[in-house]
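To start, the structure under review is shown below, and the notes come after it.
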Amino acid sequence: MAVYLHIFNLIIKRQTVIDKYAGGVDQFRIDYDLPHSEINQEDDELFSLGQMDVDEFDFDRLIAKGLSYDEAQQRSDDFIVLYRYDDLPWELKWIAHNQVFAWHVDTSPNIILKVEEISNMSIDALSEQMKQGNNLFKAIRNGKV
């Protein structure tokens, strides 16, 4: 599935949260207010935390909860910080993006087509969808927008 990219995004595989995060998915949802957040999102395979600046991410909190981060190399295999308008800062084999959405590499081709369709819509078309109550800038789960 796919998550919408904000300016800066910290993206974590769902399985990593299940395997490593103290309290698992339920605690992660509480810690990052996922049910009520307009910015922090989840799809079926990823969690995405959004911020306006990379310095706003609390790496120490993630490390304290069980995720790993190599400070010397400034990278992690557990998560990635993605600036919307740039390439991935380090290579991870489980994530792809098009600077509008990010998705797990195992995402179905149908979802990727939907992501590309939304990503290439004109401002007028997007505005019309918003007027109709269709927020296309949220996580895509199970083939639904």
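The values are calculated or read from the model by the stated rules, or taken from the named source; none is laboratory data. The shown structure was predicted, so the numbers you read here are calculated from the model rather than taken from an experiment. Note that each Cβ is placed from the backbone with ideal geometry, even for glycine, and that neighbours are counted across all protein chains shown.
Tell me, yes or no, whether the range 96-117 has at least one residue that is basic (Lys, Arg) and within 24 Å of Glu56 (Cβ to Cβ).
no
Mind checking which residues of the range 9-64 are closer than 18 Å to Arg141 by Cα, in contact with a Leu (Cβ under 8 Å, 6 or more places away or on another chain) and in a loop (DSSP other than H, G, I, E, B)?
Ile39, Asn40
Got a number for residues in the range 9-41 being at pLDDT below 95 and among the acidic types (Asp, Glu)?
2
Which of the residues spanning the range 113-145 are β-branched (Val, Ile, Thr) and either assigned to a loop (DSSP other than H, G, I, E, B) or surrounded by 16 or more Cβ atoms within 10 Å (Cβ to Cβ) (or both)? Step through it out loud before you land on a result.
Taking the range 113-145 and keeping what is β-branched (Val, Ile, Thr), we get 115, 118, 123, 140, 145.
Val115, Ile118, Ile140, Val145 - these are the residues of the range 113-145 that are β-branched (Val, Ile, Thr) and either assigned to a loop (DSSP other than H, G, I, E, B) or surrounded by 16 or more Cβ atoms within 10 Å (Cβ to Cβ) (or both).
Among the residues that make up the range 88-97, is at least one of them farther than 18 Å from Ile140 by Cα and in contact with a His (Cβ under 9 Å, 6 or more places away or on another chain)?
Yes.
Within the range 14-48, take every residue that is touching a Phe, Trp or Tyr at 6+ places or on another chain (Cβ under 8 Å) and β-branched (Val, Ile, Thr) and give me the one that is surrounded by the most Cβ atoms within 10 Å (Cβ to Cβ).
The qualifying residue surrounded by the most Cβ atoms within 10 Å (Cβ to Cβ) is Val17.
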